[in-house]
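Every read-out reported here was derived from the displayed coordinates using simple, explicitly stated rules and does not represent laboratory data. Since this is a predicted model, take the numbers as computed values, not measurements. When we count neighbours, we look across all protein chains shown, and the Cβ atoms used for this are built from the backbone with ideal geometry, even at glycine.
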Amino acid sequence: MIVARFHDQLAQFAPYAQLHTRLAWVLCALPESVQCDFMEDTTFRITLEDYTPETGWKLFMACPTSGGMVSRCVVLRSKLNDTSVGFTDYVIAHEFAHAFLRNGGWGEITDIELAADALAASWGFSRPNAPC
């Protein structure tokens, strides 16, 4: 099962029940080819943002190699625990799309944000409409 492979990475989200549940659900909802791509890549990570006001960020990720391999780290904020399920799922899928695309384009879409949105939408996670 995909969640078992990422158990250690998902464990840090346990204090944020909704975020932990949504993260596991979105991860399992991704196409099998995407799940396998993540599982087979030792540089792929899912982590919780570690920001302290007046101190700054702390983030550990694999360094890019000279052979062109890039680090693929999905960083999520704890405040996603308090957002709507649709928005939370979209943000998670959007960030997974960035990781899958290695922060590049998708097909003819060269803008990395639009590419991540389009790929996430193709997985069933469209950007929610902004509230009026």
Calculate one ³J(HN,Hα) per residue across region 6-19 by plugging θ = phi - 60° into the Karplus curve 6.51 cos²θ - 1.76 cosθ + 1.60, and present them in order as whole Hz with x for glycine and proline. 9, 3, 5, 6, 6, 4, 5, 8, 3, x, 10, 3, 5, 4
Euclidean distance between Cα centres, region 1-50 to region 75-95, Å: 13
Of PHE125, PHE96, PHE6, how do they rank once you tally other Cβ atoms within 10 Å and put the fewest first? PHE6, PHE125, PHE96
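Would you mind ranking GLU49, GLU108 so that the residue whose beta carbon has the fewest other beta carbons within 10 Å leads the list?
GLU108, GLU49
For the residues HIS7, HIS94, HIS20, what sequence is obtained by ranking on other C-beta atoms within 10 Å, fewest first? Walk me through the numbers on the way to the answer.
On the way: HIS7 10, HIS94 21, HIS20 16.
If I rank by nearby Cβ atoms, fewest first, I get HIS7, HIS20, HIS94.
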